[in-house]
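Reviewing the structure listed below.
The values are calculated or read from the model by the stated rules, or taken from the named source; none is laboratory data. Keep in mind the model is a prediction, meaning the values are calculated, not measured. Glycine also receives a Cβ, built like all others from the backbone with ideal geometry; neighbour counts cover every protein chain displayed.
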């Protein structure tokens, strides 16, 4: 009786202890998290943590997800769960500055009206035409608003970057200022309202890239030289710098060392740079910024142009009467593996068109980190720029092409410490060759070294900015409409957008993927499908060859036009039918082997998960029982 009471009391105490521990854990460990995922998918990067710790005003995030409408889409819901949990991590690490609202925009409700009002993208997943939403809207105390209209798994690797960028834009809503210094006519040639244009000149619109930048940023025209520091500029865009004087270089140098960001377009052969008869640069069509670039850790190889057989752009090497398409190996149509997929500037690019681009390389012994953003394929070589003095020989370049078997860097990101190329301070006015007078140096103290890591992007081609390299303009019901045929503008906008953020935002990189496909199953499937494709191609080749032979043998017809088959033709057809049957049998064998391999692997997985683990646990229990029984017997014998 006493033992029964003690046992019952022990169970009651255990139950009370269990409930108490859960209540305490729920109250005290509610925000405790342990990230055991591969790639630490739910652990925020240090750059994101720095952005969250510096938030100055409360921010509200509204996560719209059509939960009820997506009950039959498990993969969609799994990704939404990851996004929601990541947003909860943002809220937990924001020291109370971020409020998270989770909203299910059920059709025909106020929640759906808010999703539409905020400009979120609706997905038609129901036959009735009802839309599902999966986006994020953020707002601050001054009613500034930023949004991600639709989360997609294709951009899963930059999920953290997109959310952090949204929060950063709400915390610092001022429009970034881009200062452009260019020797190319990117601003067009608009007539003076009072004087018009000089005789013989036609009005030209600014390049489309400039118009796109003006719609996204505050753009300032800095001319072709700098006589004072570019004040109030977040990103300095330098296009085709030719014969840059020392004073201009000094102000660029101090701007970058002082924390300013820069994107530089240098070019060994400006295809769109047509020197005017009175040009101060003479017939020179190349540009460089060697002194500064080397101080930043990178250089453009002098007098060399990148040629690529795999990414070569086809051009008409003939004339109007006899067109002839040939690959122009120095005009590049870059796709796929040419781009760094772990950098947000190039992660989503599909195609970039370049014209006679230069070759970049890291300076030996440089302290900076130089990351290739755009590269050629390994079927590339360096061509002397001297070969482009006159009309380019497209056929000759193709005939003389010999791959050097290595990839060439065409665009690079530079980060790290740097020293001034003017250790003794600003240059004297007379060092500015070709200028009537140079303004005195600014009153700001001279910087001999960078305050922190510099952030610069260098692209070894300036032609890519010109409209003809990336856009087609067509007449659409009387209006001129531009249709992009490459992502040249996206590259520039991404670079400026990325550089205009904080160093913490720039430091973020793509994260791992949440989805974990069955790689072994996919490998088996791909192998079998490749064999299937080979057999199918073999069948098609056999079919074509046999049909050609039958056509050659068909020479006689009757009065109605029907073909009279000879004995030889009939024998050929029977032979083909036999080959066809045998090939179909082989195809069925391949498909059967595909199913057998996958089913065999699935059986093993099921056996391990369903049977093997319980068997091992049972065997361990039996061994433990045998061991305990043996110990009791041993103690009994000793007693």
Filter the range 132-172 for residues that are without any contact (Cβ under 8 Å) to a residue 60 or more places away in the chain and in a strand (DSSP E or B); which is nearest to residue 81 (Cα to Cα)?
148
Among the listed residues 357, 372, 412, which satisfies the condition of being assigned to a loop (DSSP other than H, G, I, E, B) and crowded, with 17+ Cβ neighbours inside 10 Å?
357
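So that you can scan it fast, the table gives a plain yes or no per residue for (1) buried (at least 18 other Cβ atoms within 10 Å of the Cβ); (2) out of contact with any helix residue (DSSP H, G or I) (no Cβ under 9 Å at 6 or more places or on another chain); (3) assigned by TED's automatic domain parsing to the domain that holds residue 148; (4) not in a strand (DSSP E or B):
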residue	(1), (2), (3), (4)
61	yes, no, yes, no
64	yes, no, yes, no
69	yes, yes, yes, yes
75	no, no, yes, yes
78	no, yes, yes, yes
84	no, yes, yes, yes
96	no, yes, yes, yes
99	no, no, yes, no
In the same structural domain as residue 86 (by TED's automatic domain parsing), over 24 Å from the mean Cα position of the chain (by Cα), on the phi < 0 side of the Ramachandran plot and buried (at least 20 other Cβ atoms within 10 Å of the Cβ): which single residue out of 111, 115 fits that description?
115
Residues of the range 271-288 satisfying the condition of being touching a strand residue (DSSP E or B) at 6+ places or on another chain (Cβ under 9 Å) and either closer than 21 Å to residue 406 by Cα or surrounded by fewer than 23 Cβ atoms within 10 Å (Cβ to Cβ) (or both):
271, 272, 288
Filter result for residue 263 (assigned by TED's automatic domain parsing to the domain that holds residue 235 and modelled with pLDDT of 95 or more)
yes
Kindly indicate whether residue 176 is closer than 30 Å to residue 236 by Cα and either under 28 Å from the mean Cα position of the chain (by Cα) or surrounded by fewer than 17 Cβ atoms within 10 Å (Cβ to Cβ) (or both).
yes
Quick one: would you say residue 305 is buried (at least 21 other Cβ atoms within 10 Å of the Cβ), under 30 Å from residue 246 (Cβ atoms) and modelled with pLDDT of 85 or more?
yes
Do we find a residue being more than 22 Å from the chain's Cα centre (by Cα), more than 21 Å from residue 404 (Cβ to Cβ) and at pLDDT 90 or above anywhere in the range 323-332?
no
Limited to the range 124-146, what total is found for residues that are within 26 Å of the chain's Cα centre (by Cα) and surrounded by fewer than 18 Cβ atoms within 10 Å (Cβ to Cβ)?
1
What strands (runs of 3 or more DSSP E), lying completely within the range 417-524, carry at least 3 residues that are modelled with pLDDT of 90 or more and crowded, with 21+ Cβ neighbours inside 10 Å?
454-459
When the range 388-413 is examined, which residues are found to be over 30 Å from residue 498 (Cβ atoms) and free of Cβ contacts under 8 Å to residues at least 60 places away in the same chain?
389, 390, 391, 393, 396, 399, 400, 402, 404, 405
Testing residue 189 on (1) closer than 25 Å to residue 62 by Cα; (2) free of Cβ contacts under 8 Å to residues at least 24 places away in the same chain; (3) out of contact with any helix residue (DSSP H, G or I) (no Cβ under 8 Å at 6 or more places or on another chain), one condition comes back false. Which one is that?
(1)
Within the range 207-224, can you find the residues that are part of a loop (DSSP other than H, G, I, E, B) and at pLDDT 90 or above?
207, 222
Residue 136 passes all but one of (1) touching a helix residue (DSSP H, G or I) at 6+ places or on another chain (Cβ under 6 Å); (2) closer than 26 Å to residue 46 by Cβ; (3) modelled with pLDDT of 90 or more; which number fails?
(1)
Answer yes or no as to whether residue 288 is more than 29 Å from the chain's Cα centre (by Cα) and part of a loop (DSSP other than H, G, I, E, B).
no
